[in-house]
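The values are calculated or read from the model by the stated rules, or taken from the named source; none is laboratory data. It should be emphasised that the depicted structure is a prediction, and the values quoted were computed from it without experimental measurement. Cβ placement follows ideal geometry from the backbone for every residue including glycine, while neighbour counts extend to all protein chains displayed. Keep in mind that these areas ignore ligands, DNA and RNA; they rest on the heavy atoms of the full protein, side chains included. Shrake-Rupley method; radii C 1.70, N 1.55, O 1.52, S 1.80 Å.
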Amino acid sequence: MSNELDIIREAKKQTYKFLLRKGRKAMAMYYLMWSIYSLSLTVAIPLLYSLIPQFYVLLLIVVLMSIPNYYTAKIFYVLIRSYLLLYKNSITSEIKFRKTYVRSYVIRSVSTYLFIFLSYFFKPLLFLFIMASVPLFIIVERNLYKFLFTNEFRITEGKFYDKIAIYTLNLIPITFSSLYLYYIFENTLFYFASVTIDYIFGILWLIFFALSMSDLVEANKDD
């Protein structure tokens with residue numbers, strides 16, 4: 001009986017090591033997707049505004065946002081579900097998690113897209129959207145920190161650059177605020193501030209992607 005328990009514990013240990021590597025790969029893709037999104041829009045939006053009506057630019061932004069948003073939700077769902085099945089060993093827990101996770105994703109995504117579109121027609125809503133984004137990103141930062149550094153079972157082993165990445169999420173509400181101030185005062189300094197912040201965010205997250213992939217290669221070599 002003791003040998004069987006040892007075998008089970010060792011199997012779980014090896015599975016957990018595999019999940020840690022899988023989690024690091026997921027974090028790498030997470031950094032890459034949002035880096036490409038941020039840098040692409042920063043480069044493309046000024047050109048698009050000169051070619052097509054503002055509403056269609058906004059529509060394109062939302063469509064493009066839905067891609068990394070969906071895959072972000074998917075990769076974290078797959079990882080967390082794997083841990084539940086490994087350690088909880090409960091189909092009921094997995095089903096409950098899936099329902100909660102999907103509901104949260106749908107509500108969050110639909111609310112964000114609606115706010116963006118409605119703010120185009122009702123400008124005061126843009127200010128409310130910016131205010132609402134602050135607690136939203138605080139929640140995202142808290143959850144990421146828990147999954148990387150404080151939970152008993154983490155999605156991957158948290159690194160120093162993961163902490164920096166979490167802190168840089170605060171740049172996004174600042175970018176929104178700069179764009180809002182540009183809209184109110186029509187001062188190009190606010191516009192260039194938002195563009196600069198977007199570039200900083202995109203380049204940093206591209207670096208975090210590279211560091212994640214480097215750590216993943218090293219982990220595979222060790223095995």
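Remarks
- Across the range 102-150, the number of residues qualifying as in contact (Cβ under 8 Å) with a residue 12 or more places away in the chain and outside any helix (DSSP H, G or I) comes to 1.
- Hits in the range 110-141 (condition: surrounded by 16 or more Cβ atoms within 10 Å (Cβ to Cβ), of a type in the set (Gly, Ala, Ser) and closer than 16 Å to Met65 by Cα): Ser133
- Taking residues in the range 42-61 that are more than 17 Å from Phe176 (Cβ to Cβ), and partners anywhere that are open to solvent by 90 Å² or more (accessible area, probe 1.4 Å) and hydroxyl-bearing (Ser, Thr, Tyr), not one pair has Cβ atoms closer than 6 Å while being at least 6 places apart or on different chains.
- Cβ separations smaller than 9 Å between residues 6+ apart or across chains give the following pairs from the range 206-221 residues that are within 12 Å of Glu157 (Cβ to Cβ) to residues that are among the charged types (D, E, K, R) and surrounded by 19 or more Cβ atoms within 10 Å (Cβ to Cβ): Ser212/Arg24; Ser212/Asp162; Asp215/Arg24; Leu216/Arg24; Ala219/Arg24.
- Of all residues in the range 86-108, those satisfying the criterion of being among the aromatic types (Phe, Trp, Tyr) and at pLDDT 85 or above are Phe97, Tyr101, Tyr105.
- Subset of the range 126-173 [farther than 21 Å from Phe115 by Cα, polar (S, T, N, Q) and in contact with an Asp or Glu (Cβ under 9 Å, 6 or more places away or on another chain)]: Thr156
- Residues that are in a helix (DSSP H, G or I) and of a type in the set (Lys, Arg), drawn from the range 156-213: Lys163
- Verdict on Tyr71 being under 27 Å from Phe18 (Cβ atoms), open to solvent by 70 Å² or more (accessible area, probe 1.4 Å) and touching a residue at least 12 places away in the same chain (Cβ under 8 Å): yes
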